[in-house]
Structure formats: structure tokens, C-alpha cells
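The values are calculated or read from the model by the stated rules, or taken from the named source; none is laboratory data. The model shown is predicted, which means the values in this text are computed figures rather than measured ones. Glycine also receives a Cβ, built like all others from the backbone with ideal geometry; neighbour counts cover every protein chain displayed. For the accessible areas, the whole protein counts, side chains as well, though only heavy atoms, and no ligand, DNA or RNA atoms are used. Shrake-Rupley method; radii C 1.70, N 1.55, O 1.52, S 1.80 Å.
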Amino acid sequence: MADVTLVLGGARSGKSRYAEGLVCARPGRRIYVATARVWDEEMAERVAQHRRDRACAGWETVEEPLDLTGALRRHAAADAGVLVDCLTLWLTNLMMEESGPHADVEARVAGLVAALDDLPGRIVLVSNEVGLGIVPDNALARRFRDQAGRLHQAIAARVPRVVLTVAGLPLAVKGELP
Amino acid sequence: MADVTLVLGGARSGKSRYAEGLVCARPGRRIYVATARVWDEEMAERVAQHRRDRACAGWETVEEPLDLTGALRRHAAADAGVLVDCLTLWLTNLMMEESGPHADVEARVAGLVAALDDLPGRIVLVSNEVGLGIVPDNALARRFRDQAGRLHQAIAARVPRVVLTVAGLPLAVKGELP
Amino acid sequence: MADVTLVLGGARSGKSRYAEGLVCARPGRRIYVATARVWDEEMAERVAQHRRDRACAGWETVEEPLDLTGALRRHAAADAGVLVDCLTLWLTNLMMEESGPHADVEARVAGLVAALDDLPGRIVLVSNEVGLGIVPDNALARRFRDQAGRLHQAIAARVPRVVLTVAGLPLAVKGELP
């Protein structure tokens with residue numbers, strides 16, 4: 001089983017910082033796979049804030065909004081820690097594709113899940129837990145919530161460690177806290 | 001104390017599947033109490049998907065949108081595992097009643113909670129945790145959220161096991177994981 | 001380190017009652033710092049319900065919607081348990097200030113966090129976890145969610161105990177359950 005940790009958490013729950021700490025704690029290269037597509041100022045500010053807040057220095061940044069599995073295959077290495085921040089933005093990007101290979105969300109998700117089994121090095125996947133509020137009014141939000149939940153379940157079943165961050169602190173959901 | 005497990009979880013958190021597994025793991029009859037009222041296509045698809053996804057075969061299905069306590073009294077038996085999926089849909093159905101005995105939500109909830117103490121066999125109750133998002137804009141959603149929270153607290157105080165599912169994995173909130 | 005417990009929980013998750021129990025369990029004075037501003041009937045009813053539901057008697061009530069740090073400095077004492085209910089309403093009140101010293105939310109939050117280090121007696125802080133649903137449509141709700149998350153992280157990093165209540169039951173996030 002590959003060395004993969006899924007870090008779930010709510011908004012501003014400290015999930016990115018905790019995930020960065022997992023990579024920072026080890027020697028070797030640090031690769032940051034950013035899935036965000038910056039489409040407005042609020043988003044740009046969030047991305048900039050994230051960069052300023054990183055838990056340690058020395059990251060190589062890879063921007064990949066759609067082909068996350070390809071990016072992981074290209075960059076994961078025995079001597080590297082790879083942080084993906086975050087799966088929910090990647091899913092959002094896929095859901096906004098109207099055609100082309102990335103528009104088949106289920107296939108892309110299945111591809112990622114299958115790829116996780118044999119990636120080298122340490123992989124940390126950050127994702128937003130979005131399913132614990134009232135059912136959203138609009139159908140797209142409900143579909144997104146369903147897709148995110150299914151993605152989290154599929155990954156959690158395959159990887160050795162799952163953590164839920166609450167107020168910046170980790171709760172172990174699967175495996176031991178590192 | 002009766003053998004009752006409350007399985008809470010967010011949308012697509014794997015709560016139904018986990019709950020089914022608790023019933024599947026034991027010999028004896030398996031009874032599925034479905035509280036869903038199918039009022040549109042999206043709902044019909046969700047119900048059909050749930051049936052296709054069941055963790056094991058051999059279920060007797062009972063549909064009961066309103067008189068859940070009566071259904072439990074009729075079907076719970078020493079040689080049976082009864083799964084209720086789910087309490088939040090039952091609560092929704094009660095809240096949509098405008099008159100009649102089921103329109104008194106508090107009385108119905110109190111009746112269910114009291115009945116749990118002496119039901120025979122194994123009972124597994126599935127319910128959506130909906131209280132961890134932003135306060136909803138509309139008053140009905142806030143009232144639903146309050147009712148669901150109160151229901152969960154009342155049940156959790158009376159039963160031996162409470163589990164929160166996250167990404168398909170169980171977190172023990174009360175009692176040991178089975 | 002001061003004796004501070006942060007009790008996080010969703011709507012109707014039993015967080016206030018659990019927090020009250022922490023104060024009730026000890027001898028000494030009991031001080032209830034209410035941050036609510038009662039601006040409509042729904043709110044008045046919630047406050048009245050909260051009072052009727054308190055886990056024990058004998059509370060001194062202090063109403064302080066804005067200067068929470070000042071209230072804590074004035075009322076915390078070696079022989080007292082102080083319950084703050086709740087931080088999210090306090091944050092809401094700050095965010096609604098258009099000018100004056102309390103309109104600088106970040107400074108007020110930093111002031112509270114710094115003050116926690118040397119308050120005497122036992123302090124219990126209740127707050128709503130609001131970050132585990134779908135991203136809210138409106139920008140103010142998103143900003144509130146971010147502020148609440150940052151506040152929780154800052155406090156959680158400084159205090160010895162953090163608890164998440166689920167269905168009225170405590171999950172230990174940091175430290176041992178009392």
C-alpha cells in the first residue's frame with residue numbers, strides 16, 4: 001500500500017497547514033500540487049494567503065486543475081513528499097468541464113483512486129468535508145456534495161491513513177496519527 | 001438496555017452502508033425500514049441506488065414514512081436485525097404533516113425514544129448530521145436542524161452505541177465499535 | 001497554562017449543556033457570560049429556552065455582546081467557573097460593528113486569544129462549528145465562516161482541552177475528557 005494520507009476538514013479547519021506539516025516533517029523534496037483555478041479576486045487572495053501561510057519553505061509548486069492523476073504520476077517520487085491541495089477544487093473543475101476527457105467525472109475519480117495504489121514516496125491529499133450541513137437548495141451543490149462524499153469514501157477505503165481536522169487539530173479516522 | 005446503534009453521518013459519508021454491515025454481520029432475518037417518501041425523480045434514483053448498493057442480500061423491506069415507532073414494534077424481533085434508514089427523512093415527513101396524530105412532531109419523537117428501551121433484537125438507526133454548516137437562511141431549515149439535533153441527543157442519551165461516519169469510516173462517539 | 005476548555009459543536013449538538021456540566025461539576029461560583037444580542041422573537045425564544053435548560057442552578061449572568069475580553073478579565077476568578085456562550089455570537093456582533101474599537105475583528109480576536117493565557121479559575125468557551133457544509137452563496141457568510149475557523153484554531157492551539165460535541169456526547173479533540 002502506498003504511503004498516502006487523506007486529510008479531511010471543514011473550511012478554515014487547518015487542514016492545509018496540518019497536511020503541509022506532514023510533508024515538512026520529512027527530509028526530501030516538497031512538491032505542492034495546486035488544483036485551484038483562480039477566477040476572481042477572492043480566490044486570488046485565498047491562494048496568496050495559503051502561500052504566505054505555508055508551514056515550511058522550499059516547495060516546488062505544480063498547478064494542475066484537471067489532470068491530477070497525470071500530475072501525481074509525473075511528480076511522485078521515492079525522495080519526495082507530494083501535497084495535493086485540494087481534491088474538492090479538482091472535483092469542482094471537473095464538474096465545470098462540458099466536454100472532453102475530463103468531463104467524465106466518475107472515470108477521472110476512478111482513475112485517481114486506482115493510481116493511488118502504486119505511487120512512490122509520501123502523498124498527502126487535502127479535501128473539504130462538505131456534507132455535514134443542511135441539504136443545499138440547488139441541485140448542482142447537491143451533486144457536488146454527493147461526488148465529494150463518494151470520492152472521499154473511495155480514497156479512504158484504499159489508503160492507510162485518514163485524518164479529520166477540527167480547529168487545527170487532527171482526529172484520527174483511520175490509522176495512527178503520524 | 002436494548003441493542004440499539006445510532007449511526008450519524010453527513011451526506012454520502014457511507015452511513016447507510018456501514019449500518020447495513022452491522023446487520024449483515026449477524027445471522028437472522030434482516031429488515032429494512034425505509035422512511036423515504038419518493039416525491040420526485042431525484043429521490044427515486046437515490047432510493048434505487050441505495051438498493052443496488054446494499055452491503056448484503058436477503059432483506060425484507062418495510063416502507064413506513066410516518067409511523068416509525070409502530071413499524072419498529074411490529075417488526076423488531078429477537079432473531080432479527082432491523083435497519084431504519086433514515087431518521088432525518090422520517091422527521092421531514094412528520095414536519096410536512098399539517099394535521100393528524102403525526103403532525104405533533106415532539107410527541108412522535110418522544111414516543112420513538114421511549115420505545116427504544118425495550119425493543120428486542122438488534123436495531124440500527126441511520127440519521128443525517130446536518131448541524132455543522134452555516135445557519136440556514138430559511139426558518140423551516142433552521143427548525144428542521146433543531147429538531148434533528150434534539151432527536152439525535154435524545155436517542156444518543158438512551159442507546160449503548162453512537163457512531164459518526166466520516167468518508168465511510170466509523171468514529172466511535174459512544175460505546176465500542178462493534 | 002490557564003484552565004480553559006473549548007467546546008465546539010454543531011447546532012443543537014448539546015454543546016451548551018455539556019459546557020454547563022463542566023462548570024456545574026465543580027464547587028464555587030458559576031458565571032454565565034451571554035454574548036447573544038436579542039434582536040427578534042426567534043432569538044428571544046432561544047435564549048429563554050437555554051435558560052430553562054441549564055444543567056444546574058445558581059448562575060450569575062453577565063451580558064456582554066462586544067467586550068468579551070474585558071468581561072473575562074473582570075469576572076474570572078480562582079473560585080469561579082466562567083462559561084462563555086458563545087464565541088460565534090460574539091464574532092457575529094463584532095462583524096456587525098461598522099466603526100469603533102470593536103469593528104476591528106482581528107484585533108479583538110487576537111486580544112481574546114492572548115488574554116486566555118493568564119485568566120484564573122476555570123473557563124469554558126462554547127462555539128459553533130460552522131465549516132462542514134457546502135460553501136455558502138453569500139460573501140458575508142463565507143467571511144464569517146473563515147473568521148470562526150481562524151478563531152477556533154487560534155484558541156485550540158493555546159488551551160489544554162478541546163471537545164467536539166456530537167449528539168450531546170463529547171469527542172476529545174485535544175487533552176483528556178474531564
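Enter the accessible area per residue of the protein assembly as shown (Å², integer; probe 1.4 Å; all protein chains in place).
Each residue of the protein assembly as shown exposes 42 Å² on average to a 1.4 Å probe.
Using the Cβ atoms and a cut-off under 13 Å, what net charge is assigned to the surroundings of residue A:120, where Lys and Arg are +1 and Asp and Glu are -1?
0
Taking a ≥ b ≥ c as the square roots of the eigenvalues of the Cα gyration tensor of the protein assembly as shown, is the shape rounded (a/c under 1.5), prolate (a/b larger than b/c) or oblate?
oblate
Which Cys in chain C stand alone, with every other cysteine's Cβ at 4.7 Å or more from theirs?
When partners are defined as cysteine Cβ atoms under 4.7 Å apart, chain C leaves C:86 without one.
Could you report the buried accessible area between A and B, both sides summed, computed with a 1.4 Å probe and given in Å² to the nearest 100?
1700 Å²
For a quick check of understanding: with a 1.4 angstrom probe and all protein chains in place, what accessible area in square angstrom does residue A:176 have, to the nearest ten?
Accessible area of residue A:176: about 150 Å².
Using only the Cα atoms of the stretch A:130-174, build the gyration tensor, take square roots of its eigenvalues as a ≥ b ≥ c, and label the shape rounded, prolate or oblate: rounded if a/c is under 1.5, else prolate if a/b is larger than b/c, else oblate.
Note, shape of the stretch A:130-174 comes out oblate.
What accessible surface, in Å², does a 1.4 Å probe find on residue A:52, ignoring ligands, DNA and RNA and rounding to the nearest 10?
150 Å²
Only counting protein heavy atoms at a 1.4 Å probe, give the residues of the stretch A:101-145, ordered by number, whose accessible area falls by 50 Å² or more when the other protein chains are present relative to the chain alone.
When all protein chains are present, A:132, A:134 each give up 50 Å² or more of accessible surface.
Would you mind counting up the charge near residue C:53? Only other residues with Cβ under 13 Å from its Cβ, with Lys and Arg at +1 and Asp and Glu at -1.
The answer is +4.
Do any residues of the stretch C:9-29 lose at least 30 Å² of accessible area when the full set of protein chains is present rather than just their chain alone, and if so which, with a 1.4 Å probe?
C:11, C:12
What are the nm distances, shortest first, from residue B:139 to its equivalents in the other copies, labels at 7 Å along Cα→Cβ?
With the label placed 7 Å along Cα→Cβ, residue B:139 yields 3.0, 3.0 nm.
Need one value for B:165-177: mean number of C-beta atoms belonging to other chains within 10 Å of its residues' C-beta atoms.
6
Sequence gap at least 6, Cα distance under 8 Å: using those rules, report the relative contact order of the stretch A:3-174 to the nearest whole percent.
Computed value for the stretch A:3-174: 37 percent relative contact order.
Between the label point of residue A:44 and that of the same position in each other copy, find the distances and list them shortest first in nm, with every label point placed 7 Å from Cα along the Cα-to-C-beta direction.
Ordered by distance, the counterparts are at 4.8, 4.8 nm.
Which part of the stretch C:132-171 falls in the paramagnetic zone of residue A:141, meaning amide N under 16 Å from the point 7 Å along Cα-to-beta-carbon?
Counting only backbone N, you get C:132-146.
Residue by residue through B:151-161, how many Cβ atoms from other chains fall within 10 Å of the Cβ on average?
Mean shielding count: 3.
Share of the protein assembly as shown's accessible area from carbon and sulfur, percent, 1.4 Å?
52 percent
Along Cα-to-Cβ, 7 Å out, sits the label point; list in nm, shortest first, how far the one on residue C:98 is from those in the other copies.
Sorted ascending, the copy-to-copy spacings read 4.2, 4.2 nm.
Please work out the Cα convex hull volume for chain C and give it in Å³ per residue.
Roughly 116 Å³ of hull volume per residue.
Helix-only estimate, please: 222 nm mean residue ellipticity of chain C, summing -39500 (n - 2.57) across DSSP H runs of length 4 or more and dividing by its residues, to the nearest 500.
Result for chain C: -12500 deg cm²/dmol, rounded to the nearest 500.
List the DSSP H helices in chain A whose Cα atoms stretch 15 Å or more along the helix axis and whose mean Kyte-Doolittle hydropathy is at least -1.0.
Qualifying helices: A:105-116, A:139-158.
Hey, in the GNM for chain B with a 10 angstrom Cα cutoff, which one of B:93, B:128, B:138 fluctuates hardest?
Answer for the Gaussian network model of chain B: B:138.
Compute, for the protein assembly as shown, the length of the dipole vector about the Cα centre, with Cβ point charges of +1 (Lys, Arg) and -1 (Asp, Glu) only. Units Debye, rounded to 20.
1480 debye
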